[in-house]
Every structure is written in structure tokens, then in C-alpha cells.
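Structure first, then comments.
The values are calculated or read from the model by the stated rules, or taken from the named source; none is laboratory data. Because the structure is a prediction, the values reported are computed rather than measured. In this analysis, Cβ positions are derived from the backbone assuming ideal geometry, glycine residues included, and neighbour counts consider all displayed protein chains.
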Amino acid sequence: MSGIGSHARAATRRTSSKHLEIRDIKRTTVRLPYRDTPRRAMDRELPHWRYSEVFQTTLGSGKTGIGETMLYYTWGVTSDSDVKRALGRNAMDIMWDDSLGAGLQISLFDAVAKTAEIPLHRLLGHKVHETTPLSWWNIDTPAVDMASECKLAYETGYMSYKTKGRPWFDIYDQLKQSAAVVPEDFKIDMDFNATLLDADRGMKIIKDLEKYPQVDIYETPIPQSDIAGNRKLRDATRVNIAMHYGDPKPAAVVEHGACDGFVVGGGATRTIRAGHFSEEVDMPFWLQLVGAGITAAYSLHFGGVLKNARWPAVNCHQLFQHDLLTRPIKVKNGMADVPDAPGLGYDLDLDLLNRFKVEKPKRRPEPERLVETVFADGSKMFVANDDRVNFMLRPGMEGRMPFYKKGAHSRLYPDDRSKRWRELYQKARKANGPIYE
């Protein structure tokens, strides 16, 4: 890729190969506690997001770089074979290899930058932003929780909140309560993950919600493959339409005007390429590099060098009681400083690392869960988890559950070890979808 190698070589030209040799890679699995409010929602659908693998990679220079991988939501998990092939190699030669996985790749960039005594962003390109926008994230929550999180985000210095739009919650009430506690220039972005189904069925919803000035971006309202439908929605609303970069082909998306901007994430090479493409076509994007504090700090450096990273980055580190950093990432007026200290510019809290250290699970933890949705007329819907990460969005759910009804409210149905809970759970598992009472 043009530009990447030249920046890295120029930044480290005085650093010897011996200093860049990968001498040791230490991996530690942690289980991070959620904050109370997001925990209620994350336990419902994403309890496994607690697990991250932290990397401490030491080079011949004696410098140690840090990285992390959220084990069950990532663009790439580092395998034992990845570690084996990296040991003894020149870190600068392989750090752009996305196949190494998130945690190892981040730690290599940090270690190389520390060895060269430069900020990590110097390895990525030319710094064009002194600050970069960040967004507060939560999965879909009850309206009262969404409002309290928007308020907390605003009080913490954020000016943007991203969440999910789901038919098992009353999205009208969510936005009504949330908009009441934040100013109009605080923005709320809603990711539908294609649950509006098509332009005709989604049109009324996007038009109804745009009355709130806080609503700023709809992400993937309908399937991204429906280019004509996305263009129809885009033409109909003042709200920006965002699509994940890469599918359909970005050139086709731009040609047909299917969205206003992109969601960009993945490995370093992919992220830089997507950022440069967005600059060439003059479209904004947000960085979606998800994890705890190390990943969020890493994302700041990409925000510093990518000109069109103008939408608030989604890193999700706000979910956790502790982000594993010795100092928090401070946000003021929605913006965080792009660090200029060597490496990431943030350090790993070793005490926290040791406190939350656990054995690495042999497979993704999947505790039995039953989700109850109560509708305005008192009827109830139950859905049981299966082996899918997004089990509420399993194939074939369209038409089997109500479509964005007002008054809908969902919760994790408490497992009281009763006969009723077990019968409901087994019935919902057998149905492979919703059951009703």
C-alpha cells in the first residue's frame, strides 16, 4: 500500500533491526466488569463482550508494546500460530499484516513507535487533526436507561451517543426520553442492522424519528445490498445514512449515492485504505475499533491521520467499570486529544490486569438466557439464546415478531430455576424464534 511503508521506514530509519526484533509476546485474558446500567442490557445479549486478551510484546530495544483483542467481537483473533510466526521477526516488517489479529498488531505498532520514540500516529501517516471525535455506545436499552446514559455521556464531555434500533423496544419512547435530557446539538445515532427491512416499511419510522434534532445518523437501516432502497431513504430524510465500508463495493455505493458516509474498522491496513478512499470521494466516516481502553487509545491515532474521520468514533470502552488504562481518555466538547507521547501515549494498569485475569475460555461463553418482550396490550414474546452471537436477529425472524410497535419493552427474564422458566426456555429454543403468551 502506497504511503504506509514509507512513513514507517522514515520514522524508524535510525532504529536498528536488532532493536526491532520481537523477543517476547505475553498474552493475558481478562474478564472486565460492566458498569451497572449497560450490564443489564449486555447480560441480555452480549455477556461474552467481557472477555479480552491483552498483549505485552517486547522488542530487542527493551520496549514493550501493549494491545488487546475483544475475544468474541473482533475483526481478528490472534492464534498461537500467529504468535509463533511473529517471534524473532522484525516488528516493523510485519506490523501491517492484518492477519496477525487485533491485539498483536496493536502491540507491534505501540512497541515500534516506543522504540523510535515517536507517537504511534507517525507510523500511520501525517497528522491532520489535533483532536478526534468520540461517541458513547450502548446496545439497545429501556428508554429510561438510554436517557440516563445520554445524560451521563453529555456530562462526561461527549456530544454523541450511538445505540441500536430494535423492534423489541419502543424506539419512539427511547428518543423522546433521551432528547429531553440533552441539548439539541448532542447527537444520537441509531444502528438498525437492517431491521427496517426495506425502504417502504422503514420510511415512516425514519421520518417520524427525524423530528428530534438530536437524531443525526441511521446506520444500515435496511440491507446494504439494497442500493436503490438505501438511496430512496437517503433522499427522503435529513438524517445521514451510514453503511459499513466494503459491502457492497464502495465504488458502487458512491456512484449510486446509497449513503452519506461509512463505518470503518478492521486491521490497520484495511482501516487506512478505507480512510484514504473516503477522503478521495469526500465522504465522512466513523472509526469502529471496539474494545476497552487500549483499543480506544489506538483509535485516536487513526483519527489523527485520516482526514475524513469526522463522525464520532465508536470504541465501546465506556461499557466497562475499568478500561485497563492508568488514566482515562478525556473527552471535551465531544473531542479527545490525539496523543503525541511515544507509542499509544497511554499505559496499561498492571494492577487492574492482574485483578481481572482469568483463564482463557475454550469457547465463547454462552449462558442460557431468555428475553421477555412485553407489548402495550399486555401480550408477551419470549426468545431464547442459541449459538449465534446476535440470536435476536437470527435468520427467519422477519415476520415472526411485531414490527416496531409503540409500548414494546424487553428485559432478560430472570432465571429463578423454576419449572416455568425451564419450560419457556426449552419451548423457545425448540421454536428457533419467538413464542407468545
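Only residues that are under 16 Å from Gly76 (Cβ atoms) and among the hydrophobic types (A, V, I, L, M, F, W, C) were counted across region 242-286, and they come to 4. Taking region 364-437 as the region of interest, the strands (runs of 3 or more DSSP E) fully inside it that hold 1 or more residues being touching a Leu at 6+ places or on another chain (Cβ under 8 Å), touching a residue at least 12 places away in the same chain (Cβ under 8 Å) and closer than 28 Å to Lys204 by Cβ are 370-374, 380-384. From the list Ile206, Ile222, Ile188, Ile217, exactly one residue is crowded, with 19+ Cβ neighbours inside 10 Å, assigned to a helix (DSSP H, G or I) and assigned by TED's automatic domain parsing to the domain that holds Cys259. Which is it? Unique residue meeting the criteria: Ile206.
Before we move on, is Ser299 in contact with a Leu (Cβ under 7 Å, 6 or more places away or on another chain) and outside any loop (DSSP other than H, G, I, E, B)? It is true that Ser299 is in contact with a Leu (Cβ under 7 Å, 6 or more places away or on another chain) and outside any loop (DSSP other than H, G, I, E, B).
Every residue, every condition in (1) surrounded by 24 or more Cβ atoms within 10 Å (Cβ to Cβ); (2) in a helix (DSSP H, G or I); (3) under 18 Å from the mean Cα position of the chain (by Cα), yes or no:
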{"position": "Gly67", "(1), (2), (3)": "yes, no, yes"}
{"position": "Tyr72", "(1), (2), (3)": "no, no, yes"}
{"position": "Ser81", "(1), (2), (3)": "no, yes, no"}
{"position": "Leu104", "(1), (2), (3)": "yes, yes, no"}
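If you take the residues in region 357-389 that are surrounded by fewer than 11 Cβ atoms within 10 Å (Cβ to Cβ) and out of contact with any helix residue (DSSP H, G or I) (no Cβ under 7 Å at 6 or more places or on another chain), which one is modelled with the lowest pLDDT? My answer is Asp387. Residues in region 120-127: is at least one under 18 Å from Lys357 (Cβ atoms) and surrounded by 17 or more Cβ atoms within 10 Å (Cβ to Cβ)? Within region 120-127, none of the residues are under 18 Å from Lys357 (Cβ atoms) and surrounded by 17 or more Cβ atoms within 10 Å (Cβ to Cβ).
Do we find a residue being touching a helix residue (DSSP H, G or I) at 6+ places or on another chain (Cβ under 8 Å), under 13 Å from Tyr161 (Cβ atoms), touching a residue at least 24 places away in the same chain (Cβ under 8 Å) and not β-branched (Val, Ile, Thr) anywhere in region 219-228? No. Taken over region 135-161, the criterion of being part of a helix (DSSP H, G or I) and not charged (D, E, K, R) is satisfied by Ala143, Val144, Met146, Ala147, Ser148, Cys150, Leu152, Ala153, Tyr154. Against the definition (under 21 Å from the mean Cα position of the chain (by Cα), more than 21 Å from Asn354 (Cβ to Cβ) and among the aliphatic types (A, V, I, L, M)), how does Leu87 come out, yes or no? No, not satisfied. With respect to (1) buried (at least 24 other Cβ atoms within 10 Å of the Cβ); (2) closer than 30 Å to Glu366 by Cβ, the lone exception for Leu59 is condition (2).
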